[in-house]
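See below for the structure under consideration.
Please treat every number below as a calculation from the coordinates, not as lab data. In this text, all values refer to a predicted model and were calculated from it rather than measured experimentally. For neighbour counting, all protein chains shown are included, and Cβ atoms are generated from backbone atoms with ideal geometry for every residue, glycine included.
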Amino acid sequence: MVGFLFFVGCSPTGQQDSLDTEEINQEEQVNGKIEVVIGNLNVPWSIERHNDIFYVTERPGTIAKIENGELIRQDVELSKELSTGSEDGLMGFVLSPNFEKSSIAYAYYTYEDNRGQFNRVVTLRLEDNIWTEENVLLDNILGNSWHDGGRLEIGPDETLYITVGDAYERSISQDSTSLAGKILRMNLDGSIPGDNPFPNSYVYSLGHRNPQGITWLPDGTLYASEHGNEANDEINVIEAGQNYGWPLIEGTEEEDGLVPPQFTSGSSSTWAPSGMDNHNGKLYVAALRGSAVLEFDLETGQYYEVISGIGRIRDVRIEDNYLYFISNNKDGRGTPRENDDKLYRISLSELERR
């Protein structure tokens, strides 16, 4: 595939947790395209926004509040001991539709106790710059230091979707009684929707290895990104009750009753796709091992690197004609640069000009 590369240099900060507006403008003049919104993030995972305030989860157990070029690191008080292994911690995060009044958000995190490692979905309440766990909506999702999934998104149907990895137990993805290796769906109060495909089950789709991103097109089509085994990463169209094959098939392999991906990295390369969003018939996907933001053209079936040279990218978000994205170079697998990790943005018009 053809790559279309944008490069950005390191931008020093005037203070530990803020980025001077003048420095952003200088970088914009030099590079012409990408702006740094804030630096000094601590292993960021998920981007949320309310009005002009960004909330970015940080895997060690904090939330970065970003407003007017300033970063305030908010504590998160959890009822279980947060696990901070290779791929776990505080991950998925989405604000309640009535956040303005309720100060409630949904979060996904990995914890450990004397039984082992597990993931749970909880509500957090914000008060005086501290997020406190309030209600447990779903618990005892098998966890591990690897393959925890972790993305939360509220769909157009106003239910909560949760991506869950296979917890490094391959066969469990095909076990419909297990919540691991699945995409789950729940009502916002934690109950099971009556129209879920399996009776009395949160399971929406199965046969997943480590899905980490979901997005809906304007017509309601649901897409998900998924890490393959070494290679064979996938972008899938997700439908209720369908089986996406892991570990029975991967990549371009096919078998009756199992759904192949719409896009795959193939057997000789990897993207390690994570968060995703869409605009104008194109999917924008954060790539960790691919060290890029990837653009998938749903009309042509082609994909391109539209951002590169920044390192590992964990999440993307489209707001107000901008593509926002976060680097993830301090997660133990990247090479951190000065003031990493960072929240960046680029105007969609710049991406569409090429």
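Tabulated data for the structure shown
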{"quantity": "Proximal aspartates and glutamates relative to Lys80, as straight alpha-carbon distance under 13 Å, when same-chain residues fewer than 8 apart are discounted", "calculated": "Glu112, Asp113, Glu133, Glu134, Asp139"}
{"quantity": "Cross-link partners of Lys342 among lysines (Cα-Cα below 16 Å; sequence separation of 8 or more within a chain)", "calculated": "Lys33, Lys65, Lys330"}
{"quantity": "Binned Cα-Cα distance frequencies in the stretch 186-298 - 10 Å width, integer %", "calculated": "15, 43, 33, 9, 0"}
{"quantity": "Relative contact order of the stretch 21-352, pairs being alpha-carbon contacts under 8 Å that are 6 or more residues apart, as %", "calculated": "13"}
{"quantity": "Between the stretch 164-211 and the stretch 40-115, the alpha-carbon center distance in angstrom", "calculated": "23"}
{"quantity": "Estimated FRET transfer efficiency (Asn68, Glu254; beta-carbon r; R0 45 Å; 0.05)", "calculated": "0.30"}
{"quantity": "Distance between modelled label sites at Leu82 and Asn140, nm, 7 Å Cα→Cβ extension", "calculated": "2.6"}
{"quantity": "Share of alpha-carbon pairs per 5 Å distance bin for the stretch 243-354, given as whole %", "calculated": "2, 12, 20, 20, 18, 14, 9, 4, 1, 0, 0"}
{"quantity": "Sites Asn187 and Ile130, calculated FRET efficiency, Cβ-Cβ separation with R0 22 Å, nearest 0.05", "calculated": "0.25"}
{"quantity": "5 Å-binned pair-distance histogram of the stretch 164-203 (Cα, whole percent)", "calculated": "6, 28, 26, 20, 13, 6, 0"}
{"quantity": "Extended-chain gain in nm, criterion 0.36 nm per residue less alpha-carbon gap, Thr221 and Asp175", "calculated": "14.0 nm"}
{"quantity": "Among Gly116, Gly165, Gly275: highest mean-square fluctuation, GNM of the chain, C-alpha pairs under 10 Å", "calculated": "Gly116"}
{"quantity": "Electrostatic dipole magnitude of the chain [Cβ: Lys, Arg +1; Asp, Glu -1; Cα centre; debye, to 20]", "calculated": "380"}
{"quantity": "Contour excess over end-to-end distance, with Cα ends at Ser347 and Arg333 and 0.36 nm allotted per residue", "calculated": "2.2 nm"}
{"quantity": "Dipole of the chain [Lys/Arg +1, Asp/Glu -1 at C-beta], most positive-end residue of Phe99, Leu217, His147", "calculated": "His147"}
{"quantity": "Extent along principal axes [Cα atoms of the stretch 114-178; Å; largest to smallest]", "calculated": "43, 36, 18"}
{"quantity": "Read-out Cα extents along the principal axes in Å, derived from the coordinates shown; its label in [x] 71, 60, 47; [y] 56, 48, 36; [z] 99, 44, 30", "calculated": "[y]"}
{"quantity": "HN-Hα J in Hz across the stretch 301-311 - Karplus 6.51, -1.76, 1.60, θ = phi - 60°, x for Gly and Pro", "calculated": "x, 9, 9, 9, 7, 9, 10, 8, x, 10, x"}
{"quantity": "Potential extension, Ser102-Glu239 segment - 0.36 nm per residue separation minus Cα distance", "calculated": "46.2 nm"}
